[in-house]
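The values are calculated or read from the model by the stated rules, or taken from the named source; none is laboratory data. This structure is a prediction, so every number in the text was calculated from the model and none was measured. When we count neighbours, we look across all protein chains shown, and the Cβ atoms used for this are built from the backbone with ideal geometry, even at glycine.
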Amino acid sequence: MKDYLITLSIGPVQGLIASARRTRDLWCGSWLLSEVSKAAALTLHCTHPGCLVFPCPNEPETELAPDDNPGDTANVANILRAELVLADDAAARALCAEAAEAARARLREIGEQVRQDKGMARWLRDEPLWSSQFDDLLEIFSAWVEIDPEQGAKAASERLGGVLAARKATRDFAPLTPPEGAGLPKSSLDGVLETVLQRGVHGDVRAARRLGLASANEQLDALGVIKRLAGDPEQFTPYSRIAADPWLRDVSKKTKSAFEDLKKAYEPLIKAQIATRARGNRGTYGDFPYDAQLLFDFRLDNQIEQLRDEARRQRSDEQLRADQGALGELRRTLESVTRRHGTPVPYAAILKADGDRMGKLLDAARSTEDSRMISRALHGFASGVARIVRDYQGHAIYAGGDDVLALVPLDRAVDCAKALAEAFEQTMAPCARALASDDATRRAEISPTLSVGIGIGHLMEPLGALRQRADAAEKLAKDGMPGSSEERNALAIQLGIRSGGELRWRVRWDEPDKLGALDELVTHYRSGALTTRVAYDLRDGARRLNWLDDQPDAALHEGMRRAELLRVLDRTRTEQGQLAPEVSRALETHARALAWNLDLLADTLIIARWLSARTAAEVNP
């Protein structure tokens, strides 16, 4: 018998998570990846109790058990590792194959639960097409190495990483067989596999609504159908509910009766299946437990027009009158509320975070027990992510190890990012101390921090674009601005203005003055001491001074840009009158800290305006 390290990599992440057009696709894809990873990990544990290194839950039988509804627990990452005693390489190969089959079986089980849905079964194509898509859906790579008693587990771990990389670069080529469903339209999520939807499903109003088909041309493959039907639909918080949250809190606080009128008008739309409930996240949105998408006038107008189209196709006059009456009542109520409180800002944030220096920390592990210590710490952090995000009115989509993906309202996004970064650093610090207790320099080199990216986008943008913006913000946080050597341990924000371009802003967590400057600007906007126009006037002024770039005189640069800033501030008026002296002084201080870069100051002001906004009018110049 010999000691072995084995690892499994389960994917594809792109197909399971990234291929998404609706918020629910993203939610369910993350849950599916975690479920199949849990099934594989549970098989390893049951075969060899106590063998798991990643993940390393305290109660494997409970924490790795199947969960038919995405809940509040930490996700299991798609990279598994275990240390165990086996007879030979053949035993390692057999165990990896058994774990991989458990993952595939779990996916088939979830798929079968969806396929047996009585309301949808008649709209799905025959079994062969459905099954053929499942057979090749998961990509599972495995590798193993024997632990040399003289070199130890650390050397084996380094070899294992190389072996897995080589295995991933080696593809299996199965014999070509005629594809099932050839000639059918491709899935609208990624365009790879054929649709499993029967022709005519778009004409069935209830079926189309349950599947979330946005148009008469949208198609779904087997995985897409699972993303739309698995679990409890009301557990998934839509992006629109997150976007509306600051406005709803404001209305509830200022005019309770108007808030109750909105709820009363929204409820009939649930019964008509025009709107959906949002009851997940442990009741965080219980004050207004609906998708909130119809609180936005452009969405409400679109729904009224869609209802007219449905009526022309098949609906009876009685159904039409009832649904039109419910939408009309909501419109009247909404108009009454928005006259006093404005319309909700149609932007929200996707937060994406990743740990820094995790590779160095893992490399510092001298034994498997050290690796398990790190794994337990990561699991502890991930287990608390949902609660932290919920404290800021957000909803965590994925929390596996040091990876976090969440939806957060604009006004709470930065505070949520701070809280996550602090929790991660506090949770992982004991690991660094244990692995470098006598060397302060080494301890600093391996101490993990959390880089957080916040992507802000309009709710009418495709979900893929919103997620890519969050990816770009996270990359900016980790890599720094072009030409900068200050990497990692940072917060980055990327704002996509629907009628404009992309704005980027970054600050390191160890630069409290710069972070405090953003907070100060947000506070001034919320109090009405700043107006949106000032940022755009500064940008125009900066462009008029572009000729300074050709001038070598630094004093001239500073003097001209300072004079332009003071000119803009002197001309700026708010509802309270001229800018307060303390506000003008604060802006001058921020400009000096930015070396009088008025473009960068304007971008910072615009981002602060979005973070402070509750109504759509507040983000218009």
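May I ask you to verify whether residue 529 is small (Gly, Ala, Ser), over 18 Å from residue 413 (Cβ atoms) and in contact with a Leu (Cβ under 6 Å, 6 or more places away or on another chain)? Here the answer is no, as residue 529 does not meet what is asked. Considering the range 94-129, the residues that are part of a loop (DSSP other than H, G, I, E, B) and in contact (Cβ under 8 Å) with a residue 60 or more places away in the chain include one that is farthest from residue 160 (Cα to Cα), namely 119.
Got at least one residue in the range 518-534 being farther than 30 Å from residue 577 by Cα and part of a loop (DSSP other than H, G, I, E, B)? Within the range 518-534 (the criterion being farther than 30 Å from residue 577 by Cα and part of a loop (DSSP other than H, G, I, E, B)), the answer is no, since none of the residues qualifies. Of the residues contained in the range 53-61, none is found to be surrounded by 20 or more Cβ atoms within 10 Å (Cβ to Cβ), in contact (Cβ under 8 Å) with a residue 24 or more places away in the chain and over 15 Å from residue 400 (Cα atoms). Just one of the listed residues (554, 472) is of a type in the set (Gly, Ala, Ser) and either at pLDDT below 90 or within 29 Å of residue 295 (Cα to Cα) (or both), namely 554.
Taken over the range 411-461, the criterion of being buried (at least 17 other Cβ atoms within 10 Å of the Cβ) and touching a Ser or Thr at 6+ places or on another chain (Cβ under 8 Å) is satisfied by 411, 421, 424, 425, 428, 432, 443, 459. The residues in the range 179-218 that are more than 24 Å from the chain's Cα centre (by Cα), of a type outside the set (A, V, I, L, M), crowded, with 18+ Cβ neighbours inside 10 Å and within 20 Å of residue 21 (Cα to Cα) can be counted, and the count is 3. Screening the range 585-621 for residues that are touching a strand residue (DSSP E or B) at 6+ places or on another chain (Cβ under 9 Å) and hydroxyl-bearing (Ser, Thr, Tyr) and picking the one that is surrounded by the fewest Cβ atoms within 10 Å (Cβ to Cβ) gives 615. Applying a threshold of 9 Å to beta carbon distances and a minimum spacing of six or more residues, or different chains, the list of pairs starting in the range 552-563 at a residue that is within 11 Å of residue 598 (Cβ to Cβ) and surrounded by 13 or more Cβ atoms within 10 Å (Cβ to Cβ) and ending at one that is modelled with pLDDT of 85 or more and of a type in the set (Asp, Glu) reads 562/588.
At least 2 residues being more than 26 Å from residue 413 (Cβ to Cβ) is the threshold, and among the helices (runs of 4 or more DSSP H) wholly inside the range 196-275 those reaching it are 205-210, 222-229, 256-271.
Beta carbons closer than 6 Å, at least 6 apart along the sequence or on distinct chains, pair a first residue in the range 190-211 that is not assigned by TED's automatic domain parsing to the domain that holds residue 28 with a second that is aromatic (Phe, Trp, Tyr) and buried (at least 19 other Cβ atoms within 10 Å of the Cβ) for 196/130; 198/123; 201/123; 207/123. Answer with yes or no whether residue 132 is assigned by TED's automatic domain parsing to the domain that holds residue 91, polar (S, T, N, Q), in a helix (DSSP H, G or I) and under 19 Å from residue 9 (Cβ atoms). In short, no.
Going residue by residue through the range 607-620, is there one that turns out to be in a loop (DSSP other than H, G, I, E, B) and in contact with a Phe, Trp or Tyr (Cβ under 6 Å, 6 or more places away or on another chain)? Yes: one or more hits. Of the set (1) within 20 Å of residue 380 (Cα to Cα); (2) free of Cβ contacts under 8 Å to residues at least 12 places away in the same chain; (3) crowded, with 16+ Cβ neighbours inside 10 Å, all apply to residue 91 but (1).
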